[in-house]
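Values in this text are rule-based calculations from the coordinates and carry no lab data. Owing to the predicted nature of the structure, the values given are computational and were not obtained by experimental measurement. FYI the Cβ positions are ideal-geometry reconstructions off the backbone, even for glycines, and counts take in every protein chain you see.
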Amino acid sequence: MVNSILRIGKSTTYAPAGLESQYPYGEQRVVKSVASSTSLTLDANVATSRSGVKYRISDPIDLDVILYDAFLRCCDKHLARALRAKNYRQAKLDYEEALRDAREKDCRGIQPVIAGARGPYPSRLTDSSSRSLTGYS
């Protein structure tokens, strides 16, 4: 669980989901260490004290559904590059196409808060430059 994201809900009935969901989280923190099954340390103190609310612990990589394919194609591209595979050019083209597709589908109005991140950030993929999203070729 170290480096996982702890999302603290606002509801005592429903576990929190994303900020734009029907049940948004009130705050999120990064799990820094786990001492036992009932004790853990977070990256910072929780700002608001809550009692009996639901929570969710998620993977550090918590992608919006529209980004899954682009993320996987990016992994394929970097693996092909690292292995000096013959299909690197095709993997790169597949990634660029998946990223274009994700940008077209992205219609969020706000950027979710990412634990430990610093802002400001573009609000949508289409507002970002290609260079900042693709890294190196």
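Here are the numbers:
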{"quantity": "Charge tally in the Cβ shell below 10 Å around Arg73, where Lys, Arg are +1 and Asp, Glu are -1, Arg73 excluded", "calculated": "-4"}
{"quantity": "Total lysine pairs whose alpha carbons fall under 28 Å of each other in the range 6-115 (8 or more apart, or interchain)", "calculated": "7"}
{"quantity": "Packing-based ranking, highest mean first, of 64-75, 45-56 given that Cβ atoms within 10 Å are counted", "calculated": "64-75, 45-56"}
{"quantity": "Gained length - Tyr23 relative to Lys86, 0.36 nm times residue gap less alpha-carbon distance", "calculated": "18.1 nm"}
{"quantity": "Amide hydrogen neighbours beyond the local backbone of Asp43, cut-off 5 Å, H modeled", "calculated": "Val30, Lys32"}
{"quantity": "Gain in span if fully extended, Thr38 to Leu79, counting 0.36 nm per residue against the direct Cα distance", "calculated": "10.9 nm"}
{"quantity": "Other-chain or far-sequence residues with amide H under 5 Å of Asp64's (modelled H)", "calculated": "none"}
{"quantity": "Placed amide H near Lys10: partners under 5 Å, 5+ positions off or other chain", "calculated": "Gly26"}
